[in-house]
Amino acid sequence: MHVAFAASSSSWRIALTKPSDMSGHYAYAWEFHVAPELQAEFEQHYGPDGTWARLFRRSPGYIETLLLRDRSTAGRYVTVDRWRDEGAYLAFRSAFLREYEQLDRQCERLTTSEQSLGAFDECGG
């Protein structure tokens, strides 16, 4: 899979592309700002083998998590979570609501801000 970013001063656009046999997958992206002294801990929780990914793996519809660190803005990260389809993600949220909310509360202290960048349908490539 390839991740392409285009930035302007007011918005981000993310395009996710991959081999055509993976078309139709669902992804969502979040932007986080993290204080320097908490970046290592943040990466442990939000990385592809982190606490969030381990929770997501409990669902059969989960594919992977990407954690991207901005090269030009210190402490800025983007996560991309990929699912088989939106229904698989919604089933996960329903089945693991309590665990999701608990982990979200635990990780809240790691960020100075967070913002959804949106939900995306993957395009064939």
Subset of the stretch 10-26 [part of a strand (DSSP E or B) and either modelled with pLDDT under 95 or of a type in the set (Gly, Ala, Ser) (or both)]: Trp12, Arg13, Ile14, Ala15, Leu16, Thr17, Lys18
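For the stretch 27-46, state whether one or more residues are part of a loop (DSSP other than H, G, I, E, B), surrounded by fewer than 15 Cβ atoms within 10 Å (Cβ to Cβ) and free of Cβ contacts under 8 Å to residues at least 40 places away in the same chain.
no
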Selection within the stretch 70-109 - closer than 14 Å to Glu31 by Cβ and touching a His at 6+ places or on another chain (Cβ under 7 Å): Gly75, Arg76
Residue count, the stretch 110-122 (criterion: among the aliphatic types (A, V, I, L, M) and either at pLDDT below 95 or closer than 11 Å to Trp30 by Cβ (or both)): 2
The stretch 47-72, residues that are surrounded by 16 or more Cβ atoms within 10 Å (Cβ to Cβ) and of a type in the set (Asp, Glu): none
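The values are calculated or read from the model by the stated rules, or taken from the named source; none is laboratory data. Just so it is clear, the model here is predicted, and its values are computed rather than measured. Cβ coordinates were reconstructed from backbone atoms using ideal geometry, including for glycine residues, and neighbour counts include every protein chain displayed.
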